[in-house]
Amino acid sequence: MRKLVFLARLAAAAAVASALALAPGASADELRIAVAADVTSIDPHFYNLFPNNNIAEHIFDKLVQMDPDSHMIPGLATSWKTIDDKTWEFKLRKGVKFTDGGELTADDVVFSINRVPTVPNSPGLFTPYTKAIQKIDVVDPYTLRIHYAVPYPLAPNDLSTIYIVSKKVATGATTEDFNSGKAAIGSGRYKLVRYVNGDRIELVRNDNYWGDKPPYEKVTFKIIKNEAARMAALLSGDVDAIEQPPTADLARLKSDPKFTLTSKISHRVIYFNFDYLERSSPFITAKDGKPLDKNPLLDLRVRRAISKAINRPAIAERVMEGQAIPSGQLVSDKLFGFNPALKPEVYDPEGAKKLLAEAGYPNGFNLTIHGPAGRYVNDEKIVQAVAQMLSRVGITSKVETAPMGPYSARASKQEFSFDMVGWGASTGEASSPLRSLIATYNRDTGMGAVNWGRYSNPKVDYLIQQAIQQVDDENRLIMLQRATEFAMADLAIMPIHFQFTMWATKKGVQYTPRTDEYTLAFQFRPVKGNPG
Amino acid sequence: MLVYIIRRSTQSVVVLFVMSLLVFVGVYAIGNPIDLLINPQADQIEREHAIAALGLDKPLWEQYFVFLRGALTGDFGKSFVHATSALGLILERMPATLELAIAAMLIAVVLGIPLGLWAGLKPKGVAGRTIMAGSILGFSLPTFWVGLMLIMVFSVMLGWLPSNGRGPTTLLLGLIPVSFLTWEGLSHLIMPATNLALFNIALLIRLTRSGAHEALMQDYVKFARAKGLSNRRVIGVHVLRNILIPIVTVVGLQFGALIGFAIVTESVFAWPGMGKLLIDSINLLDRPVIVAYLLVIVTLVILINLAVDVLYSALDPRVRLSEAKG
């Protein structure tokens, strides 16, 4: 009995201690966010990498910003227009100050754009967004004219990725100078306080920001890659919000009144590539294990059969726990170029078998499906589900997955027959997947850079080429929709779904979710009601 | 002694050289980091630019010689993803891992040896049996699971300890950032260190127990008792000193392993150490960091082993270092 009393006291003491332990840090002016991936640098031009850009969004500003639905809105530029098909004019906002007090003018913009290709030792520059620029004229300190060699409709989209640094501070600055904070001077909503490599990034609000001031004064991004540890940090109150909560904990997050789960359809489509090479495809054999003398995937009926055999709603509901919507095209409905006429393929296993029989494979064939492991939400499980569904219509399927590094190295060399990958249309337009995934591979023009299956259709190429040089928005929309329609009729690639991006916050904190998957501190805000 | 140390150093250099070659070729064989690193929007020409910027367009042997030439002057190249020196990156993270490993080893020694001694002296008692049963748990439970359970209990349910990270650090001797000097830092350290120590506590318990068990049956212990020495002196001096040699060996070996195994604990507790850096670098095929990390670890292990050997001769005068082969 005595022991019981003691235990009860201990528990009471523990409860008090826990209440005390949770009290500090929960101040209303501070926000602590756990993010899932490492930030490798603060230099906004060093490496075009999602987590780096996510931090740069806070410290630096851009000419054009993206709203949560990936629509362009004025940033440092108050307006932009075409002078002719090859020339764009941007009007800059007046009176914008860098956090060191200097004024931001057209010279800083020119300097930033020119700095992009010069950053050394980079594994991936921002040059895809600047290399089409032929020359930049500074008309006056608040007006820029950008000249392109060809008709170029995507100038504002491109410039929505380029962060503007201070010419005065960043001249001669190295990437290390940005990391140490010395050169990390921007005009964004936050200022860098400290960057601890692999651990955390501390920011403080820039009270001189030209736009709406963000609600939280101090922000700490903690890097917690392990999803269970990230979840634990939220549960224990060590952080106020996390990105990418583990799928296994979604049910708990939805039911627990202490937390809020927010999700939004992402700009990322998950899809499969078909092998389009005229060869005996490396991972397809006849039912008896002998190689086939021709590649069955070249037959549209076989591709159609595969697409019909896949139960997309089941994948979205079961595998993804409802955090995806089936897709029949390249971009989701909020993005420019979405074609409302294209619906996801209807699940029809009988129709699939019939098509296979018509194509000369009444008993199907053997197939090994390849996919990445740990790159996209539930990627391995999706591949396994697809393999089971294909096996049911006679295409006996095995699964092989590998981490993205070795996987993409092999996939990009056409070593697979049927493989899964994802694509985020980061410019907010269907032109991005069309030119990279669908257009014929061409080393010199840069078209079809990620066309792993080597699909090639001159008609689609022509439409894409027309679309990306069409400056008139209305016409371009129609062209992008037409190009997508042709590509999908051919099953150039086979879309599965658009995944959702998820955030979990504690009660009292609300996030406005984004299609571009960014976790931006200034889109969190405190909500009244019953906090904690 | 001096000859011995010189011979050991020469061997170490050969080991380091062979290992750098193996890792270099191994990472090269996995694939081209650019496929992984570059933004997918980039086209083929930009891809080639990036490959050239990182020096990956040269043949493998040439890349290796560039690396060797730099390594001889202490320059292990720049990280592909961080644009900073690979060695600098590792040294920046090293204090965190060393602090964690030293704390874990201290916990293991402070708990493991006395508990093992107790179990060895009173093998039939309830306490002795409980200790032994507990040590089986320490051996068999996987580190990451125990780590998550610790977080669940002490951070989520009780709210006593922070669930992740290293907390604020202060400079020790004005040089090395450590967290154990402040209460807040210490509270961040307790759980990961305990988690990492668990296996070694169990190991030391078992080792000490069997050593003590054996020593107690030796004639010199009986003789010491017959002389009428106090129990404390018999155990503290005669038993403990004699069983210390295998324990020192294991502590030395395990300390090297702790630095390596810290990877799991570091991921679970988001501890910003070297192990986490290695995992991230492997995932990104960041070869300079991988090679530099392994070279640093091998050097550390070699140094620890050397220290263990020197310690031997201090503990057991019969061991002469100059006679040791290898």
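What the table below lists for this structure:
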{"read-out": "Matching entry among B:137, B:106, B:98 (being within 21 Å of the chain's Cα centre (by Cα), surrounded by fewer than 17 Cβ atoms within 10 Å (Cβ to Cβ) and not small (Gly, Ala, Ser))", "value": "B:106"}
{"read-out": "Sole exception among (1) surrounded by fewer than 17 Cβ atoms within 10 Å (Cβ to Cβ); (2) farther than 24 Å from residue B:127 by Cβ for residue B:218, by number", "value": "(2)"}
{"read-out": "The range B:55-83: number of residues that are surrounded by 21 or more Cβ atoms within 10 Å (Cβ to Cβ) and among the hydroxyl-bearing types (Ser, Thr, Tyr)", "value": "1"}
{"read-out": "Answer residue from the range B:60-90, given it is in contact (Cβ under 8 Å) with a residue 40 or more places away in the chain and among the β-branched types (Val, Ile, Thr) and is farthest from the other protein chains (Cβ to nearest Cβ) among those", "value": "B:90"}
{"read-out": "Sole exception among (1) in contact with a strand residue (DSSP E or B) (Cβ under 9 Å, 6 or more places away or on another chain); (2) more than 24 Å from residue A:520 (Cβ to Cβ); (3) of a type in the set (D, E, K, R); (4) within 14 Å of chain B (Cβ to nearest Cβ) for residue A:131, by number", "value": "(1)"}
{"read-out": "Pairs where the first residue, in the range A:165-184, is within 14 Å of chain B (Cβ to nearest Cβ) and the second is among the acidic types (Asp, Glu), C-beta under 6 Å, 6+ apart", "value": "A:175/A:43; A:178/A:43; A:183/A:177"}
{"read-out": "Residue ID - modelled with the lowest pLDDT, chosen from residues in the range A:170-196 that are surrounded by fewer than 21 Cβ atoms within 10 Å (Cβ to Cβ) and assigned to a helix (DSSP H, G or I)", "value": "A:176"}
{"read-out": "Residue A:199 being touching a Lys or Arg at 6+ places or on another chain (Cβ under 9 Å) and of a type in the set (D, E, K, R)", "value": "yes"}
{"read-out": "Yes/no for residue B:166 being touching a residue at least 24 places away in the same chain (Cβ under 8 Å), out of contact with any Cys (no Cβ under 7 Å at 6 or more places or on another chain) and farther than 23 Å from residue B:267 by Cα", "value": "no"}
{"read-out": "Whichever residue in the range B:18-54 is β-branched (Val, Ile, Thr), at the interface with chain A (Cβ under 7 Å from one of its Cβ atoms) and buried (at least 18 other Cβ atoms within 10 Å of the Cβ) and, among such residues, is nearest to residue B:86 (Cα to Cα)", "value": "B:34"}
{"read-out": "Hits in the range A:317-333 - residues which are hydrophobic (A, V, I, L, M, F, W, C) and more than 23 Å from residue A:437 (Cα to Cα)", "value": "A:319, A:320"}
{"read-out": "Hey, residue A:57 away from chain B (no Cβ under 14 Å) and not in a strand (DSSP E or B) or not", "value": "yes"}
{"read-out": "Residue check for residue A:436: crowded, with 18+ Cβ neighbours inside 10 Å and within 10 Å of chain B (Cβ to nearest Cβ)", "value": "yes"}
{"read-out": "Residue within the range A:114-136 that is closer than 30 Å to residue A:475 by Cβ and more than 29 Å from the chain's Cα centre (by Cα) present", "value": "yes"}
{"read-out": "Qualifying residue in the range B:247-269 (condition: within 14 Å of chain A (Cβ to nearest Cβ), farther than 27 Å from residue B:26 by Cβ and out of contact with any strand residue (DSSP E or B) (no Cβ under 8 Å at 6 or more places or on another chain))", "value": "yes"}
{"read-out": "Complete set of residues in the range A:439-463 that are crowded, with 16+ Cβ neighbours inside 10 Å and either basic (Lys, Arg) or within 14 Å of another protein chain (Cβ to nearest Cβ) (or both)", "value": "A:439, A:440, A:441, A:446, A:447, A:448, A:449, A:450, A:451, A:452"}
{"read-out": "Where a residue in the range A:92-118 is aromatic (Phe, Trp, Tyr) and its partner, wherever it lies, is in a strand (DSSP E or B), with Cβ under 9 Å and at least six apart", "value": "A:111/A:164"}
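Table: residues versus (1) aromatic (Phe, Trp, Tyr); (2) not in a helix (DSSP H, G or I).
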residue: B:99; (1), (2): no, no
residue: B:105; (1), (2): no, no
residue: B:109; (1), (2): no, no
residue: B:113; (1), (2): no, no
residue: B:118; (1), (2): yes, no
residue: B:132; (1), (2): no, no
residue: B:153; (1), (2): no, no
residue: B:163; (1), (2): no, yes
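The values are calculated or read from the model by the stated rules, or taken from the named source; none is laboratory data. Note that this is a predicted model, so its numbers are computed, not measured. Please note: Cβ atoms are built from the backbone with ideal geometry, for glycine as well, and neighbour counts cover all protein chains shown.
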